[in-house]
Amino acid sequence: MVKYSKIRPFQVRCQLDLCRHEVHYGCLREDKCFYAHSLVELKVWIMQKETGISHDTIVQESKKYWQNMEANAHGSQILGNQMKHGSLNLKMKFVCGQCWRNGQVNEPDRNKKYCSAKARHPWTKDRRVVLVMSNERKKWMTIRPLPAKKQVPLQFDLCNHIASGKKCQYDGNCSFAHSPEEREMWTYMKENSIQDLEQLYDIWLKSQKPEKGDDTSAQANKENGKQIHMPTDYAEVTVSNQRCNSEVTLRFYVPRQ
């Protein structure tokens, strides 16, 4: 789905910051306001100030971009008929919440009863945390549960405070995504009718079922009196005919609208 945002002409008096009135309850000055009324408008203004590019040039470049996108989409139409969903690659893992608060990343043991840390924290629903690897920042990002709303929005937007590099000022559970990765995951969950993180965990758990060959080798190691930890002991998942060991890589499919 394409969402259009109004971009007012950039002037010398324009301030490169978001309007706090527009963010909270709407700006009464409307077009007379010198502050940006959306994150998109702010980014366009910054680009115009740094490069001197005009509104007309931006429109022409945008048209070229979308024409190329449509051409690529048409070229992959045959593949799209075979696979109804667009692909979205995310490295995801479930870790112990107590360890995560202490700066440690510990996944569950093989029996999914305790975390793999020496403390062996119980692996229960209220103690699990979902992490997604940020390709941009090269770090694990926490994914919060889907916002509890009676009517699910058509698309999830990024929190204006987070987008501006600030800390979220909302006291309750902010219904805006706190990272691009969280927005992608929420979108995936919404489009695939996944109601909560527990249901997502069940899907993740099923994808990690080891093959019989792995069970046999693991049993043989136990019979020798010593447990040898192989990379496949920690995670093995086959998704879309791709097998990844050690760190779980799930390929999600998000329906194209």
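A short reminder: the numbers here are calculations on the coordinates, not readings from a lab. Just so it is clear, the model here is predicted, and its values are computed rather than measured. For neighbour counting, all protein chains shown are included, and Cβ atoms are generated from backbone atoms with ideal geometry for every residue, glycine included.
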The alpha-carbon center of the stretch 90-120 and that of the stretch 23-50 are separated, in whole Å, by 43
Report ³J(HN,Hα) in whole Hz for each residue of the stretch 39-46, in order, from the Karplus equation J = 6.51 cos²θ - 1.76 cosθ + 1.60 where θ = phi - 60°; Gly and Pro get x.
-> 5, 5, 4, 4, 5, 5, 4, 4
Counting only residues 5 or more places away or on other chains, whose amide H sits under 5 Å from the amide H of Y35 once H atoms are built in the peptide plane?
-> Q15
Net charge near L16, counting Lys/Arg +1 and Asp/Glu -1 over other residues with Cβ under 11 Å of its Cβ?
-> -1
